[in-house]
Amino acid sequence: AGVTKNTLVPICLNKSVDMAIAILAILKSGAAYVPIDPEFPIDRIKFMLEDTNSNIVISDDYSDHFLTAAQGKFVINASNNWGESSTFSDTLDTSQIEPDNLAYVIYTSGSTGKPKGVLIEHRNLIDYFEGLEKNISISNCNSFAIGATLATDLGNTVLFGSLLFGKTLHLFTKDNFNDVDYIHRYFRNNEIDFLKIVPSHWKSLNANGEELLPKKILMFGGEALYTSLIKKIIENPERTFQIINHYGPTETTIGKLIHIVQRNTDYGHIIPIGKPFTDARIYILDEQGGIIPDENQGELYIGGSGVAKGYLNRTELTDERFINDEISSDGNQKLYRTGDLAKRLFDGNVEYLGRMDDQVKIRGYRIELGEIENILQKAPGVKQGLILAKDAGEEGDKKLIAYVVIDGTYDKKAIISFLESKLPSFMVPQLVVQLNEIPFTLNGKIDKKALPDPDASTLLTNQYYAPNYQTETNISEIWKEVLGVKRVGIEDNFFELGGNSLLAQKSVALLKERFGLTLPVTKIYQFPKIIDLAAFLDNRNKPKNIIRKNIRRANTDVAIIGMSGRFPGADTIEELWKNLKEGKETTRFFTDDELDANLPLSVKNDPDYVKARGIIENVAEFDASFFGITPKLAELMDPQQRIFLEIAWETLEKTGYVPDKYNGTIGVFAGVRVNTYYANNVVSNTELIQNAGKFQVVTVNDKDYVATRTAYTLNLKGPAINVQSACSTSLLAVAQAVQSIRSGQCEMALAGGATINSPVNVGHLYEEGAMLSNDGHCRPFDSNAEGTVFSDGAGVVLLKDKDEAIKDGDIIFGIIKGIGINNDGGNKGSFTAPSAEGQAAAISMAIEDANVNPADISYIETHGTATPLGDPIEIEGLNLAFGNQDKKQYCAIGSVKSNFGHLTCAAGVTGLIKASLALHHKQIPASINYKTPNPNIDFENSPFVVNAELKNWDLDKKRIAGVSSFGVGGTNVHIILEEYENAKKTTSSSRPLQLVTWSAKNETSLNNFGKKLSNYFTQSQNKPLADISYTLNSFRHNFNHRTFAVANDSSEIISQINNSSGLTNQTKKIIREVVFMFPGQGSQFLNMG
């Protein structure tokens, strides 16, 4: 595979046993391994692969980020039993491996924003283990446990220490090692002699006061060891194992100093890092390079055989950090400048005092704050950014805090999300603090002392809700202690309060120790809020969302209970119906000045250029913050996704099923057209894409994510499925949603689609014989039909099982009785050509599924594109599906495309909405622009007649309609609809005064909502105030900005809204605590509460 001496082979494996196998194989081949943690962000992995210039890598099926980054490289896959290795040679010549050959390259944090690869040679490793064996007889240990990632060198002590001396190595998954109960049980059942661990990690694994202890050697490393941490085991004479404090940067090969803790020694606050255990030379020097006397602090320098070769591809940095040893007799030797402050004690031990620069160690990881700052500066909305590591309580724990000055809107979640996409989890700040400006000292340096040390609970943007009962109170008390905050509400997120994996483990241990609550640590990740975690512990959360049976419904009827949309000339369903009733054509015919400025003059002036199509208003407007999307990401977001989000929310709100008020499952089935906005506006702005994050930009632009983006944003937990079938996309989405409800996969479903073209104000070039209109008008089934126009629009319907909709009192616009879906196949003129037989089969399937007689269908909302060939084929397909009928021209047909053209991916659902409204209002709108029939259609001898004017839909039987949508490529969809007569509801008598509430996400929206509410009351004076009050109070989301009015009729409500002084002030914080107030006018006695 081309592996030779010093070849760098990156490894990214989820199973630690596979990692160990791969490391040994690479070393035996003479190559050097480059360990990469599967949890690293994709950008970091890409950099490491590029920096190593590797052609061959080792990974598995579970390392998604790595496999994406490694595209184009030869991958040896451990998941298929290393199958690729079967092609390699069975013989191996190890005689050429020399001491100065590379063994591995480990990447550490870099101040420039890029990690740096440390080059470690075989001789460095040998020096390290010879020193350990000479000083602590590591070979006396028979079993070693490793609980650290092999992507750092912390675990190398255990990995090579066990294998070099032929001992047993115990390997664990990350979850198992961090499961307190599991790891203690494992240590009890297995003789573990040697454990090396980071002090804070070890502390988090305490179980009810019981430490995790090996039999012979407990080695600490990775961060300062405070005496208080190990005081209990030092003072216990029954603890006979050795406790060793181990120190050394990666650049000096794992470690170079150790201190064996003496139980009878009175240590101060911190345990020394000890003395050299190899041939290492240790100097503590001043700024001029002079040796500092004992008990005085200076910078720690290390020389000797363990010093690394340098940094990969970083010559200048290597020269800066690896300097000539001018102190020793051999000037050719190198010294590594550690950047650590230290002092040599009188007994020869070295004591660690901290860092000289912005490098810190957190949870055993060495971190350059500059690297994080470099990324922070690029986060959405960040004008200036600063990172500090501050003490987080006892025993030297530290927490990362980001301080930001914002340009525009502050979005904490977006900043954190951006950092998480660029940095490993241990480098992501736990807290973000917004500042008006960065403070500076008089000499112009950043005044770090002036930066606030925040209480994380004061930085949260959500409302505070106090604990309600004992389990919530218990968890809140533990979290306050562990996180060092003054207040923890039940809706507060553990990780937003500064929590991390080690603090999660500590919380789990304290919950068990104090309250007897047993909790796997993974549950804090699953339930990061107290309200959910307490529900899990009390066994109260199982039935609602996690465990749910699929109930196949005996009744296959599905009700349409809600709908919303944006259409040419209509921003609401009500406006659409008004336009349809009035027979309006809302296609926009542009003047030359209105056409997009980027259109070439040659196109504008072309006599065949048709300056017309249907557009929707305010397509560029989007309330990004309402949906939790940053403005910077929103401007890069496909308008089709933006508008579909808006109408999906609108539909749920109108029907009273906003997610936090409804516990059932809601699915999303949706599709959009090809994203021209990305091609014309986004892709060229590479800097904006980089700042937002490439993958983030993909998720808001690719057609794959419209359904899942909606489900995520609105917290919908039914199936979220992207649907694509060209022009029939949105009606196919409806059909798929119907099947999902019928099968019990969800209780309700949003289904629809959106089409927005960019640029908006453009027309098309007319070509004779093509599908586009010659004059911008769409004339379905007319003798002058020359094609359609491709217009913009979006529509969505909310579907629900009919019986459930009736039981819940929903308004029903129509009942879906049957669906038909198929494809034309290849037996037709071309891929884009329609097929009468294919369309007929889909229509027949829907009729059969609905169990209705074609003779009872009195309206068809056709596909109706107004092409000279397509219209006759569609009528032929309908004739085939209906069969011979005695009665002629009894079934009206029409096409909403006559009003504003073809909405492509939103066309089918728009036709369904029109047909449903016609059933609901018992009127059939005109199919406009129809004068004389297409000469290739024999309407007189068919069941069909074009409905050319508005007519009342008067029948002495059930009204039944069909809706067709046919996609280029041959996917045909037909749906059969039946009317439903909603029962008239009467309102019972109510109290004389009604409380009317409303809320919004900000003050401006709250005021605008009030104005719209006032207009509604003005137009609906006769509607019962009690019903309106009940709906607003019970079925609307409660946003932070709230207000209310109390009145006895609509006119009084209007007066209070218009005179805002009559309203209460909005409330931004609500504290859910019960307080008993005693007025002092009655009897009080001790313990009366």
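The values are calculated or read from the model by the stated rules, or taken from the named source; none is laboratory data. Quick caveat, the model's predicted, so the values are computed rather than measured. Here Cβ is always computed from backbone atoms with ideal geometry, including for glycine, and neighbour counts include all displayed protein chains.
Scanning region 507-541 for residues that are crowded, with 20+ Cβ neighbours inside 10 Å, closer than 19 Å to Arg185 by Cβ and in contact (Cβ under 8 Å) with a residue 40 or more places away in the chain yields a count of 3. For region 981-997, residues that are without any contact (Cβ under 8 Å) to a residue 40 or more places away in the chain and more than 27 Å from Lys1011 (Cβ to Cβ) total 6.
Applying the selection to region 935-946, what residues are part of a loop (DSSP other than H, G, I, E, B) and surrounded by 22 or more Cβ atoms within 10 Å (Cβ to Cβ)?
Pro943
Residues of region 729-739 include none that is farther than 27 Å from Gly970 by Cβ and either assigned by TED's automatic domain parsing to the domain that holds Gly901 or in contact (Cβ under 8 Å) with a residue 40 or more places away in the chain (or both).
Inspect all residues belonging to region 605-622 and state whether any of them is farther than 24 Å from Gly787 by Cα, of a type in the set (A, V, I, L, M) and crowded, with 18+ Cβ neighbours inside 10 Å. Within region 605-622, one or more residues are farther than 24 Å from Gly787 by Cα, of a type in the set (A, V, I, L, M) and crowded, with 18+ Cβ neighbours inside 10 Å.
When Asn264, Asn332, Asn296, Asn374 are checked against the criterion of being loosely packed, with under 15 Cβ neighbours inside 10 Å and under 30 Å from Asp51 (Cα atoms), a single residue qualifies: Asn332. For region 995-1005, the criterion of a residue being surrounded by fewer than 18 Cβ atoms within 10 Å (Cβ to Cβ) and in a strand (DSSP E or B) is satisfied by at least one position.
Just checking, does region 284-291 include any residue being among the polar types (S, T, N, Q) and surrounded by 12 or more Cβ atoms within 10 Å (Cβ to Cβ)? Among the residues of region 284-291, not one is among the polar types (S, T, N, Q) and surrounded by 12 or more Cβ atoms within 10 Å (Cβ to Cβ), which makes the answer no. Evaluated against (1) over 17 Å from Thr253 (Cα atoms); (2) crowded, with 17+ Cβ neighbours inside 10 Å; (3) at pLDDT below 95, Phe144 falls short on exactly one condition, (3). Every residue in region 302-322 that is under 46 Å from the mean Cα position of the chain (by Cα), closer than 23 Å to Ile273 by Cα and part of a strand (DSSP E or B), please. Scanning region 302-322 gives Ile302, Phe322. Would you say Leu599 is aliphatic (A, V, I, L, M) and either in contact with a helix residue (DSSP H, G or I) (Cβ under 7 Å, 6 or more places away or on another chain) or surrounded by fewer than 15 Cβ atoms within 10 Å (Cβ to Cβ) (or both)? No; evaluated as a whole, the condition is false for this residue. Of all residues in region 253-301, exactly one satisfies the criterion of being of a type in the set (Lys, Arg), at pLDDT below 95 and not in a loop (DSSP other than H, G, I, E, B), namely Arg281.
Of everything listed in (1) closer than 30 Å to Ser1029 by Cα; (2) at pLDDT below 95, the single unmet condition for Leu645 is (2). Where in region 670-762 are there helices (runs of 4 or more DSSP H), lying fully within it, with 2 or more residues that are touching a Ser or Thr at 6+ places or on another chain (Cβ under 9 Å)? Of the helices (runs of 4 or more DSSP H) lying wholly inside region 670-762, those with at least 2 residues that are touching a Ser or Thr at 6+ places or on another chain (Cβ under 9 Å) span 694-699, 706-714, 729-742.
Does any residue of region 950-962 turn out to be more than 23 Å from Ala805 (Cα to Cα), in contact with a Pro (Cβ under 8 Å, 6 or more places away or on another chain) and either at pLDDT below 90 or of a type in the set (Ser, Thr, Tyr) (or both)?
Scanning region 950-962, I find no residue that is more than 23 Å from Ala805 (Cα to Cα), in contact with a Pro (Cβ under 8 Å, 6 or more places away or on another chain) and either at pLDDT below 90 or of a type in the set (Ser, Thr, Tyr) (or both), so the answer is no.
What is the number of the single condition among (1) surrounded by fewer than 18 Cβ atoms within 10 Å (Cβ to Cβ); (2) more than 16 Å from Tyr186 (Cβ to Cβ) that Lys174 does not meet? In the conditions (1) surrounded by fewer than 18 Cβ atoms within 10 Å (Cβ to Cβ); (2) more than 16 Å from Tyr186 (Cβ to Cβ), Lys174 misses (2) alone. Can you pull out the residues in region 184-203 that are touching a residue at least 40 places away in the same chain (Cβ under 8 Å), among the charged types (D, E, K, R) and more than 22 Å from Glu223 (Cβ to Cβ)? Selection gives Glu191, Asp193. Being more than 38 Å from the chain's Cα centre (by Cα), modelled with pLDDT of 90 or more and surrounded by fewer than 18 Cβ atoms within 10 Å (Cβ to Cβ) is true of Gly166. Listed by position, the helices (runs of 4 or more DSSP H) contained in region 465-529 that have at least 2 residues being touching a strand residue (DSSP E or B) at 6+ places or on another chain (Cβ under 9 Å) are 501-515.
For region 626-635, the condition holds for at least one residue, the condition being that it is of a type in the set (Ser, Thr, Tyr), within 21 Å of Lys1001 (Cα to Cα) and not assigned by TED's automatic domain parsing to the domain that holds Phe1039. If we keep just the residues of region 15-69 that are assigned to a strand (DSSP E or B) and aliphatic (A, V, I, L, M), which is surrounded by the most Cβ atoms within 10 Å (Cβ to Cβ)? Restricting to residues being assigned to a strand (DSSP E or B) and aliphatic (A, V, I, L, M), the top hit is Ile58. Residue count for region 743-774 under the criterion of being under 16 Å from Ala612 (Cα atoms), buried (at least 24 other Cβ atoms within 10 Å of the Cβ) and among the hydrophobic types (A, V, I, L, M, F, W, C): the result is 1. For first residues located in region 164-177 and free of Cβ contacts under 8 Å to residues at least 12 places away in the same chain, partners that are buried (at least 18 other Cβ atoms within 10 Å of the Cβ) and lie 6+ apart or on another chain with Cβ distances below 8 Å form the pairs Asn176/Ile183. Answer yes if at least one residue in region 150-163 is under 22 Å from Val360 (Cβ atoms) and hydrophobic (A, V, I, L, M, F, W, C), and no otherwise. Within region 150-163, one or more residues are under 22 Å from Val360 (Cβ atoms) and hydrophobic (A, V, I, L, M, F, W, C). So which of Thr651, Thr665, Thr676 ends up being surrounded by fewer than 23 Cβ atoms within 10 Å (Cβ to Cβ) and either farther than 30 Å from Ser1034 by Cα or not assigned by TED's automatic domain parsing to the domain that holds Gly565 (or both)? Selected residue: Thr676, the only one of Thr651, Thr665, Thr676 that is surrounded by fewer than 23 Cβ atoms within 10 Å (Cβ to Cβ) and either farther than 30 Å from Ser1034 by Cα or not assigned by TED's automatic domain parsing to the domain that holds Gly565 (or both).
Assessment of region 1029-1036 against the conditions (closer than 30 Å to Lys984 by Cα, surrounded by fewer than 14 Cβ atoms within 10 Å (Cβ to Cβ) and of a type outside the set (Val, Ile, Thr)) yields at least one matching residue. When Gly838, Gly825, Gly776 are checked against the criterion of being in a helix (DSSP H, G or I), more than 30 Å from Arg709 (Cα to Cα) and in contact (Cβ under 8 Å) with a residue 60 or more places away in the chain, Gly838 stands alone in meeting it. Summed over region 401-422, the residues that are surrounded by 23 or more Cβ atoms within 10 Å (Cβ to Cβ) and either at pLDDT below 80 or not in a helix (DSSP H, G or I) (or both) give a count of 5. Taking region 860-926 as the region of interest, the helices (runs of 4 or more DSSP H) fully inside it that hold 1 or more residues being buried (at least 22 other Cβ atoms within 10 Å of the Cβ), at pLDDT 95 or above and among the β-branched types (Val, Ile, Thr) are 870-882, 907-921.
Inside region 911-934, residues that are of a type in the set (Val, Ile, Thr) and within 15 Å of Glu585 (Cα to Cα) make up a count of 1.
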